[in-house]
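Quick notes on the structure that follows.
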Amino acid sequence: MSQTAAKPLASDFLSRFERQLHLAFEDPRHAGKQPEVLLEACRHVSFAGGKRMRPLLVDHFGAALDLPEDARIRLAITAELIHTASLLHDDVVDEGTTRRGKPTANARWNNSVAVLGGDLMLCIALEQLEDYPREVTFEAVTLVAEMTRAAMREVDARQDSTWTLPEWEAIAHGKTGALLAFCGTASARVAGRTELIERLGQCGHHLGLAFQITDDLIDVVGHPIDIGKDRLADLRNKNPSFPIALARSSNEDFRRALDELWQRDDLSEDDVQRFGAWIVELGCADKTLATVEDHLDRAMDALGPFAHGPGGEHIAEWAAQLRAQARWSLESQ
Ligand code: FPP
Ligand code: MG
């Protein structure tokens, strides 16, 4: 299938997905029930212009497996609502005030509405799975537990800077990799292709880590185009990121100096810039790019021959675009 022929199909899927997502919130199990503010908060964040990357990934895996569209849409809603519920909760944890260009639910209403709206959204996410094997629901529940633990580990890591590379990896898998892995494993389960569960899960996991690490790389070297994001936010906010983890594990002087810096409350902008430059000098930006490429290679290996067929070719295209973006950010710094 050529790229030009495939694109309209993806957007057809997305318009049907949007319709079904509206209907999920109108389900009689929830619509018209008090207090309505919870559904209002769900809609507020669900229709605020998210990229719909997870629904598209489900559609691509589904196309590769020849999964009927109704199943793809149900799984896509599950994946998107688990993601969106996690953002409702994350904005409470992080005290976020804007998301997708709109006030967060905690800012627009309050923390109670955001947390409980997120809980209701999770229930709606799981309801989509009622017609599928119970393993799919269990897997979704396990995923939510994994995401929850990773979010707590990240909070802890911000308080205690002694975290290591394996700790970073566990957080990144829980924050990003696990849900993209679910897009693959759940699609394989619903399609009855149990022999592909592991492979498609690995594909999603490695894609997720590649996205996360590219984000971390761009935070250090900057995006080639001004996207309105502050550079070095991870250093400034004591956030665990891949290049910081790499620099800490490969250079004792860096680790000690960063630990000292992060003990202080008065981080100056000069300090932040100096540590950013130090990460690059240590070769950690180059190594970060190499790691992105390694994850993309592994994602493609896991996808195997599907990379050349329906759906899979879109995933391969995403991987190629991400590889180009990561290389470009480093070259143009
Ligand atoms: C955004 O990270 C946050 C996540 C990707 C996951 C957050 C997960 C939880 C709060 C656990 C609860 C999970 C569920 C499913 C209810 P970020 O803060 O780095 O990114 P941001 O800049 O977009 O906020
Ligand atoms: Mg956040």
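Coordinate-derived values only; no laboratory data. Everything numeric in this text was worked out from a predicted model, so none of it was measured. Glycine gets a Cβ as well: all are built from the backbone with ideal geometry, and neighbour counts include every protein chain shown.
Quick notes on this structure:
- Summary of the geometry: segment 87-108 and segment 276-311, compared by the centres of their Cα atoms, lie 30 Å apart.
- From least to most packed, judged by other beta carbons within 10 angstrom and beginning with the fewest, Asp119, Asp59 follow the order Asp119, Asp59.
- Note on Asp259 and Asp156: the model spin-label points, each 7 Å out from Cα along the C-beta direction, lie 1.8 nm apart.
- Counting every C-alpha pair in segment 54-125, the share spaced more than 18 angstrom apart comes to 46%.
- Peptides 312-318, 143-149, ordered by how many other C-beta atoms sit within 10 Å of their residues on average, highest first, read 312-318, 143-149.
- By the count of other C-beta atoms within 10 Å, a proxy for reagent exposure, Ser187, Ser11 are ordered fewest to most as Ser11, Ser187.
- Solvent-free Debye scattering, log10 I(q)/I(0), computed from the Cα coordinates of segment 233-333 at q = 0.18 Å⁻¹: -0.86
- Cα-centred dipole magnitude for segment 247-333, charges only on beta-carbon of K, R (+1) and D, E (-1), debye, nearest 20: 260
- For the chain, the fraction of C-alpha pairs more than 37 angstrom apart is 19%.
- Computed log₁₀ I(q)/I(0) - Debye formula, equal Cα scatterers, no solvent, segment 166-279, q 0.16, 0.19 Å⁻¹: -0.78, -0.96
- Relative contact order of the chain, taken over Cα pairs closer than 8 Å and 6 or more residues apart, is 18 percent.
- Taking every Cα-Cα distance in segment 96-255 and sorting them into 5 Å bins from zero, the calculated P(r) comes out as 2, 8, 12, 16, 18, 17, 13, 9, 5, 1, 0, 0 percent.
- Glu18-Asp271 FRET efficiency (beta carbon distance; Förster radius 45 Å; 0.05 resolution): 0.50
- Inter-site label distance for Arg236 and Gln321 at 7 Å from Cα along Cβ, in nm: 2.8
- Segment 38-178 - convex hull of the alpha-carbon atoms, volume per residue in Å³: 118
- Cβ crowding within 10 Å, taken as a proxy for footprinting-reagent exposure, orders Thr194, Thr291 from fewest neighbours to most as Thr194, Thr291.
- Proportion of all alpha-carbon pairs of segment 91-171 beyond 16 Å (%): 65
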